[in-house]
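Below is one structure, written out as structure tokens; the observations come after it.
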Amino acid sequence: MITLYGMTSPNVVKIIIALEELGLPYEFKAVDIFTGQQFDPAFVKLNPNAKVPVIVDSDGPGGKPYTVFESGAILLYLAEKAGKFLPTERAARYDVIQWLVVQLTGVGPMFGQFVHFFRFAPQGNDYSVSRYRTQVKRVCDVLETRLGEVPYLGGAEYSIADMATFPWGRNIKMLLGDGANAYPKILAWVEKIEKRPAVASAIAKVEKMRETLTAFDKAKPEMLDKIFGRGQHALA
């Protein structure tokens, strides 16, 4: 049995999608980020970086329990465990890994910073909003070009690269408004993946979970400072 610790962020959604797609038995344990549960000592023992997602596989390597944190590492671990969605042929395998890394180092950070400055930061961050909106569009240009060449990010077949990127890509209409229409290949790819039964099941579970977690606007100001590393928690 795999235990997944998380909430409703894209980095957790990708793992829920993977578990649903792979058909691996799992249980979900919610971590209420905006009340600071990720800072509980028991959770920090699982991930010293105090972030979700984290999995604990009771049947890990050698039949022993094994903990994995960082969403990219979790996807690779799960794909190798199940023997699905990560090719064994070397070139095809690294095509998938390359585009997984594009999500981890490009899509996620740029989308995440844009959301932070657009939604969570105080007023007066016009430069930051403009910078990260530009970076979101730049990385979307890269994805659009790729999806004009192949049906899926890793190539001919659906893979963990798509699972990783989809939770971010499905938000481009919300983030860019009418500007999302500049990316028809991404929009078509999102629509195609949304129709997969495992993905639909994952999204339904996420939406139900959202009702049980503390919303951003209900969080205490001092906890937001700790989460965002500002005020008394700023280190610089």
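Contact map, the range 82-95: first residue free of Cβ contacts under 8 Å to residues at least 24 places away in the same chain, second residue surrounded by 10 or more Cβ atoms within 10 Å (Cβ to Cβ) and assigned to a loop (DSSP other than H, G, I, E, B), Cβ cut-off under 7 Å, separation 6 or more or different chains; pairs are Arg93/Leu86; Arg93/Pro87.
Counting only residues that are aliphatic (A, V, I, L, M) and part of a helix (DSSP H, G or I), how many does the range 200-236 have?
Of all residues in the range 200-236, those aliphatic (A, V, I, L, M) come to 200, 202-204, 206, 209, 213, 215, 219, 223-224, 227, 234-236.
Now narrow it down to the ones that are part of a helix (DSSP H, G or I): 200, 202-204, 206, 209, 223-224, 227.
So the count comes out to 9.
Matching residues to (1) assigned by TED's automatic domain parsing to the domain that holds His116; (2) closer than 16 Å to Ile227 by Cα; (3) in contact (Cβ under 8 Å) with a residue 60 or more places away in the chain; (4) among the aromatic types (Phe, Trp, Tyr):
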| residue | (1), (2), (3), (4) |
| --- | --- |
| Val13 | no, no, yes, no |
| Ile17 | no, no, yes, no |
| Leu22 | no, no, yes, no |
| Pro25 | no, no, no, no |
| Val31 | no, yes, no, no |
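Residue under question is Val129, and the condition is that it be over 18 Å from the mean Cα position of the chain (by Cα), of a type outside the set (D, E, K, R) and either under 19 Å from Ile227 (Cβ atoms) or surrounded by 15 or more Cβ atoms within 10 Å (Cβ to Cβ) (or both); does it hold? Here the answer is yes, as Val129 does meet what is asked. Which one is surrounded by the most Cβ atoms within 10 Å (Cβ to Cβ) among residues in the range 96-118 that are in contact with a helix residue (DSSP H, G or I) (Cβ under 6 Å, 6 or more places away or on another chain) and of a type in the set (A, V, I, L, M)? Here the answer is Leu100.
Thr165 - would you say it is more than 16 Å from Pro10 (Cβ to Cβ), in contact with a helix residue (DSSP H, G or I) (Cβ under 7 Å, 6 or more places away or on another chain) and surrounded by 12 or more Cβ atoms within 10 Å (Cβ to Cβ)? Answer is no for this residue.
Count of the range 59-74 residues, restricted to those that are loosely packed, with under 13 Cβ neighbours inside 10 Å, small (Gly, Ala, Ser) and not in a helix (DSSP H, G or I), is 0. Filter the range 155-186 for residues that are in a loop (DSSP other than H, G, I, E, B) and closer than 14 Å to Val199 by Cα and give the result. Those that are in a loop (DSSP other than H, G, I, E, B) and closer than 14 Å to Val199 by Cα: Tyr158, Ser159, Arg170. Given the criteria touching a Phe, Trp or Tyr at 6+ places or on another chain (Cβ under 9 Å), hydrophobic (A, V, I, L, M, F, W, C) and free of Cβ contacts under 8 Å to residues at least 40 places away in the same chain, does Ile172 qualify? Taking the combined requirement at face value, the residue satisfies it.
Of the residues Val56, Val52, Val101, Val115, which single one is assigned to a strand (DSSP E or B) and either outside the structural domain of Leu22 (by TED's automatic domain parsing) or modelled with pLDDT of 95 or more (or both)?
Answer to the check: Val56.
The values are calculated or read from the model by the stated rules, or taken from the named source; none is laboratory data. Given the structure is predicted, the values throughout are model-derived calculations rather than measurements. Because the Cβ atoms are built from the backbone with ideal geometry, glycine has one as well, and the counts that use them run over all protein chains shown.
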